[in-house]
1. Restricting attention to the range 131-150, report how many residues are surrounded by 14 or more Cβ atoms within 10 Å (Cβ to Cβ) and under 20 Å from SER97 (Cα atoms).
2. Quick test for you: out of GLU106, GLU53, GLU126, pick the one residue that is modelled with pLDDT of 90 or more and open to solvent by 40 Å² or more (accessible area, probe 1.4 Å).
3. Test TYR46 against the criterion of being in contact with a strand residue (DSSP E or B) (Cβ under 8 Å, 6 or more places away or on another chain), modelled with pLDDT of 90 or more and either over 27 Å from PHE261 (Cβ atoms) or not small (Gly, Ala, Ser) (or both), and give yes or no.
4. Going by the structure shown, is MET246 in contact with a Phe, Trp or Tyr (Cβ under 7 Å, 6 or more places away or on another chain) and farther than 19 Å from THR48 by Cβ?
5. Just to be sure I understand, how many residues within the range 196-207 are at negative phi and open to solvent by 60 Å² or more (accessible area, probe 1.4 Å)?
6. Taking interchain pairs and intrachain pairs at least six residues apart, which have beta carbon atoms under 8 angstrom, with the first residue in the range 166-181 and on the phi < 0 side of the Ramachandran plot and assigned to a helix (DSSP H, G or I) and the second of a type in the set (Gly, Ala, Ser) and open to solvent by less than 50 Å² (accessible area, probe 1.4 Å)?
7. What number of residues in the range 1-35 are modelled with pLDDT of 90 or more and touching a Pro at 6+ places or on another chain (Cβ under 8 Å)?
8. Being open to solvent by 30 Å² or more (accessible area, probe 1.4 Å), basic (Lys, Arg) and in contact (Cβ under 8 Å) with a residue 12 or more places away in the chain, is that true of even one residue in the range 227-246?
Amino acid sequence: MNTYSHEIINDDTRLQLYFTLITTNNYYSPLHWHEHLEILLIRSGYMTAYINERKYTLHPNDMLVIGSGELHSTRTWSETDYLLLQIPLDYLSRILSGISLIHFQEYFPAITMTTAQKQLCNCLLELAKSYTEKEDGYLLHFSSVVYEFLFILYRNYSHRISPEAREKENRNIKRIEEIIQYVKNNYQKEISLNDAARLINVTPEYFCRLFRKYTGQTFLEYVNAVRMFHFYQELFTTDYSITDLMAQNGITNYKVFIRCFKETYGTTPGKLRAQKKSHGKGSVQ
């Protein structure tokens, strides 16, 4: 994933959606949004996810549904396998009227799973089987299972919100999106909370409350997470020293950064780079 403000999904030109099986290890995807409905099903390992201010911890067989335009971030811990399905808003608007006012239930924990929820999970597993085996005519089967999944989700786990409530929510999210873009463009430089607050014409105090409400983290935590994300990517794609990579990504406090890096990835940058090289891995998931 190369962006974290407005994620662009490369849709399959036949199905107009994106589906994949992912295996990752201690991977962090910073705050971003996209115009797709996104569904995750954890197969093994676990993940923490924020959708706006709501935090979820996902374990095997838990499912998460992320609405179009919703700010979210994800982090996997140790080795994690999951299924990812992303459906464009245009695709949904052809089959569901007023899709912008429909809100789907987000969290489906396996421990309290109902019959309908099991049907949703079975649909995703069937998609994985069809996607993997690619038997003759699998695209027809794949499409029919996607429609079945959406029908069950819509009938059992959706509700409509008022246009007024949606408009208020959109106004605040647009503000946060502006800040995300600002950080994306300036994370290598010094960034202050006051500068960010001025950007959307609010006081620093109000900005702190607004940002935490819609992201589940402080502004400083987010900026540091973005810097760490880019540092992590460049750790394996360049030969720059750890010190140079820190400087290039706006990281100035070595001790704090190394502590946060070890908490996220389980070891130091130097040891992780050496491990990747010893396994012949020149890229990261």
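The values are calculated or read from the model by the stated rules, or taken from the named source; none is laboratory data. Note that the coordinates shown come from a computational prediction; the quantities given were computed from them, not determined experimentally. Positions of Cβ are generated from backbone atoms using ideal geometry, with glycine treated the same way; all protein chains shown enter the neighbour counts. These accessible areas exclude ligands, DNA and RNA; they are computed on the full protein's heavy atoms, side chains included. Shrake-Rupley method; radii C 1.70, N 1.55, O 1.52, S 1.80 Å.
1. Number satisfying all stated conditions: 5.
2. Working: GLU106 fails: open to solvent by 40 Å² or more (accessible area, probe 1.4 Å); GLU53 fails: modelled with pLDDT of 90 or more.
Checking each option against the conditions leaves just GLU126.
3. Numbers: in contact with a strand residue (DSSP E or B) (Cβ under 8 Å, 6 or more places away or on another chain): yes; modelled with pLDDT of 90 or more: yes; either over 27 Å from PHE261 (Cβ atoms) or not small (Gly, Ala, Ser) (or both): yes.
It is true that TYR46 is in contact with a strand residue (DSSP E or B) (Cβ under 8 Å, 6 or more places away or on another chain), modelled with pLDDT of 90 or more and either over 27 Å from PHE261 (Cβ atoms) or not small (Gly, Ala, Ser) (or both).
4. yes
5. 5
6. ASN170/GLY69; ILE173/GLY69; GLU177/SER5; ILE179/ALA196; ILE180/SER5; GLN181/SER5
7. Residues in the range 1-35 being modelled with pLDDT of 90 or more and touching a Pro at 6+ places or on another chain (Cβ under 8 Å): 0 in total.
8. No: zero hits.
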